[in-house]
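Data block below; observations after.
The values are calculated or read from the model by the stated rules, or taken from the named source; none is laboratory data. These numbers come from a predicted model, not from an experiment. With ideal geometry, Cβ positions are generated from the backbone for all residues, glycine too; neighbour counts draw on all protein chains shown. Heads up: the accessible areas ignore ligands, DNA and RNA and are worked out on the full protein's heavy atoms, side chains in. Shrake-Rupley method; radii C 1.70, N 1.55, O 1.52, S 1.80 Å.
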Amino acid sequence: MNKGTGVLQSVERAMRVLDHIAAAPGPVQAKHVAAALGLTLPTTYHLLTTLVAGGYLVHLSDERAYALGHRVDDLARGLHRQIEAPPEVRRVASVIHREAQAAAYYAALRDAEMVVAHVAECALHPRIRPLTIGFHQAPHATAFGKLMLARLPADDREILLEHTGTPAVTPATVTDRGLLARQLRQVTGTGLAVEVDEFQHGLSCMAAPVTDAAGRFVGAVAVSMPTTRLREDRWSVERAVRLGAVRATRAVALSTAARTGRITPP
């Protein structure tokens, strides 16, 4: 165990191995895993064997390489079950999708991450391709991520950004910390987050916060659309998003009441 961190080193190394193989375009040989992660070959084989035994990796003997195992898919399905938006919230997302004529999202706050929990889309108004269920990357470049960053205390926000970084996802991504801080102050003031071409060129997003019955920030509703359309229909889209956030806030309260048996205030 690493002193003062509570992190078990062998587990941390195993997770790094799993992450490395998951990010690879195909099966990876042990020697390449060791070189990439700065591990000795015996240690790497020990970690790989452990992950294979657990079903998280498979050993492809013909290729003398390792790839993801079936347990990873089990974990993904489990994650989807756990983050799935309540039916009441999913219905709100469908209404936003129809009213804004845009792909609509619900992202839930989970341990300083905004995770996409539901998407309402159609052939005419498809989602931004990377924004699938479970997406949580690049908070500085997404509208719902900016909402979360704006809600965090300054010190906590800096710690998070040190971890995630502020890479340029597109040429328009706000990467300068000072400029991002000014943008987040505007988000706080307006109660609305907008990103223009920051996550994907030619597409923009708008998001509004969702709170629980106690007024705590728990998630966000958002829409995405071509940037040209957002500029043309800004106010009608904003109305749909803001109203959707109000409805989603009520839906969260109703869902919580149904789950706990408590009556929500009128």
Relative contact order of the chain, pairs being alpha-carbon contacts under 8 Å that are 6 or more residues apart, as %: 15
Difference of contour (0.36 nm per residue) and Cα-Cα distance, residue 229 to residue 159: 21.7 nm
Gain in span if fully extended, residue 201 to residue 98, counting 0.36 nm per residue against the direct Cα distance: 34.7 nm
Computed label-point distance, nm, for sites residue 170 and residue 41 using a 7 Å Cα→Cβ extension: 4.6
Region 1-93 - percent of accessible surface contributed by carbon and sulfur, probe 1.4 Å: 56
Residues with amide H under 5 Å from that of residue 211, placed H, sequence gap 5 or more: 218, 249
Distance between region 178-243 and region 36-59 - C-alpha centres, whole angstrom: 43
Using a Förster distance of 25 Å, the FRET efficiency for residue 132-residue 182 (Cβ separation, nearest 0.05): 0.20
Prolate/oblate/rounded call for region 29-76, Cα gyration tensor, a/c under 1.5 rounded: prolate
Region 1-106: projected area of the alpha-carbon convex hull, averaged over directions, in nm²: 10.2
Spin-label pair residue 52/residue 79, simplified geometry with 7 Å Cα→Cβ offset, distance in nm: 2.5
Angle between the chain longest axis and helix 234-260 axis [Cα atoms, degrees, rounded to 10]: 70
Calculated from backbone phi, Karplus (6.51, -1.76, 1.60) coupling profile of region 134-151 in Hz, x at Gly/Pro: x, 5, 8, 7, 6, x, 6, 10, 10, 5, 5, x, 5, 4, 5, 4, 5, 7
Whole-Hz couplings from phi, Karplus 6.51/-1.76/1.60, listed for region 92-108; x for Gly and Pro: 4, 4, 5, 5, 4, 4, 6, 6, 8, 6, 7, 4, 10, 10, 10, 10, 9
Estimated [θ] at 222 nm from DSSP helical runs (n ≥ 4, -39500 (n - 2.57)) normalised by residues in the chain, nearest 500: -15500 deg cm²/dmol
Per residue, in Å², the accessible surface of region 218-260 once ligands and nucleic acids are set aside, probe 1.4 Å: 50
